[in-house]
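K.L.:
Supplied in structure tokens, the structure appears directly below.
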Amino acid sequence: MGPDPKDIAAAASALRDGKLVAFATETVYGLGANACDGQAVARIYEAKGRPSFNPLIVHLPSAEEAIRLGRFNSDALKLADSFWPGPLTIVVERADDCPVSELASAGLSSLAIRVPGRESARELLRLAGCPVAAPSANISGQISPTTAQHVMAGLGDRIWGVVDGGRCEVGLESTIVSCLGDTPVILRPGGVSREVIEEALGRPVLLQTGSTNDPISPGQLASHYAPNAAVRLNAKEARPGEAYLAFGKREPEADIIRNLSPSKDLREAAANLFAMLHTLDMLGADSIAVAPIPDEGLGVAINDRLARAAAPRD
Ligand code: TXA
Ligand code: MG
């Protein structure tokens, strides 16, 4: 028996309001937020307590809507046609007009997209009317939940609620296939096997070696966004020629300034981080000085990302 339609409608409206809603899919329970609302996405990272931003899967109610978010090559289209709705996630480049917050993909130019098999999940997504970013609904480091009770035990006091759809029938996460290059690559084995994927495509695919359940941390991704500009951390002032990324009301003298959050709200800062780094880079800054960010709550993940941006590159 599926969840009550009234519960689904209430959950959809909570999603539209920027709240966190856990919901059953055929694989595992997801911790959903409106993917186009950066602050709602920031709440996901906050609730999971992850010390870094890893890219999230964005969920859509139909292949038709999913395909609009990215650039699907012929393999990606074949996979979508063969396996959606179902336990397969496809990684493609973002479409030019893709409205998904950069925080959802941790600043990557690509996007992981899935149309879940569970009818109640798709009904929730349809009613919400927005793409929904959803990692597995567990606290970071704990195992993925396959019942609403698991979700509540771990995250109950941090979320709006959970759409109880009973036990997840697949019970393990979706298979993630990257269609960014010429040959599709399985980044994470999961609910759809390699053999079935190869049969659908009519040719072999690659399997990322050393892959685990959580294969990609942003730092490992070759394509991960790193600003061209040099980044200088914990800067109270901007040096001549430097752009400044502020946090809090105080803004020193600088040619170009962006402010992550004038009110020192870490959630707002997380939502703005990738977009503002991109902007400063695009405006041609050679060097970006970044205000000190408190190393607590979401600030830990923000500082992790900034430290990667500041690390010397070859
Ligand atoms: O079955 C599932 O896939 C569940 C349900 C809720 O849909 N979701 C899930 O999400 O397992 P999560 O966040 O636990 O795992 C998402 C993984 C990340 O660890 C990351 O490795 C990969 O997806 N990922 C997301 N975006 C990516 C991208 N643009 N490129 C490569 N990998 C990406
Ligand atoms: Mg997970």
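K.L.:
Over 18 Å from Ile8 (Cβ atoms), outside any helix (DSSP H, G or I), more than 13 Å from ligand 1 (Cβ to nearest atom) and in the same structural domain as Val28 (by TED's automatic domain parsing): is that true of Pro145 in this structure?
P.N.:
no
K.L.:
Quick one: is Gly171 in the same structural domain as Glu26 (by TED's automatic domain parsing) and either at pLDDT below 95 or among the charged types (D, E, K, R) (or both)? Step through it out loud before you land on a result.
P.N.:
On the way: in the same structural domain as Glu26 (by TED's automatic domain parsing): yes; either at pLDDT below 95 or among the charged types (D, E, K, R) (or both): yes.
It is true that Gly171 is in the same structural domain as Glu26 (by TED's automatic domain parsing) and either at pLDDT below 95 or among the charged types (D, E, K, R) (or both).
K.L.:
Out of Ala128, Ala133, Ala121, Ala148, which single residue is on the phi < 0 side of the Ramachandran plot, in contact (Cβ under 8 Å) with a residue 24 or more places away in the chain and within 13 Å of ligand 2 (Cβ to nearest atom)?
P.N.:
Exactly one residue qualifies, and that residue is Ala133.
K.L.:
Would you mind finding the one in Gly18, Gly32 that is open to solvent by less than 30 Å² (accessible area, probe 1.4 Å), out of contact with any His (no Cβ under 6 Å at 6 or more places or on another chain) and on the phi > 0 side of the Ramachandran plot? If you could, list the steps in order and put the result at the bottom.
P.N.:
Details: Gly32 fails: on the phi > 0 side of the Ramachandran plot.
Exactly one residue qualifies, and that residue is Gly18.
K.L.:
Considering Gly190, Gly154, Gly171, which residue is touching an Asp or Glu at 6+ places or on another chain (Cβ under 6 Å) and within 16 Å of ligand 2 (Cβ to nearest atom)?
P.N.:
Gly190
K.L.:
With the condition kept exactly as written, say whether any residue in segment 71-84 is surrounded by fewer than 18 Cβ atoms within 10 Å (Cβ to Cβ), free of Cβ contacts under 8 Å to residues at least 12 places away in the same chain and on the phi < 0 side of the Ramachandran plot.
P.N.:
Within segment 71-84, one or more residues are surrounded by fewer than 18 Cβ atoms within 10 Å (Cβ to Cβ), free of Cβ contacts under 8 Å to residues at least 12 places away in the same chain and on the phi < 0 side of the Ramachandran plot.
K.L.:
Separate question: If the Cβ limit is 7 Å and pairs must be 6+ apart or interchain, which residue in segment 191-202 that is farther than 9 Å from Leu88 by Cβ pairs with which residue that is surrounded by fewer than 17 Cβ atoms within 10 Å (Cβ to Cβ)?
P.N.:
Short answer, once both residue conditions are applied: Arg194/Leu207; Glu198/Pro204; Ala200/Ser82.
K.L.:
Looking at segment 2-16, is at least one residue farther than 12 Å from Ser120 by Cα and part of a loop (DSSP other than H, G, I, E, B)?
P.N.:
No: zero hits.
The values are calculated or read from the model by the stated rules, or taken from the named source; none is laboratory data. If you're wondering where the values come from, they're calculated on a predicted model, not measured in any experiment. For neighbour counting, all protein chains shown are included, and Cβ atoms are generated from backbone atoms with ideal geometry for every residue, glycine included. Just the protein is used for accessible areas: all its heavy atoms, side chains included, with ligands, DNA and RNA removed. Shrake-Rupley method; radii C 1.70, N 1.55, O 1.52, S 1.80 Å.
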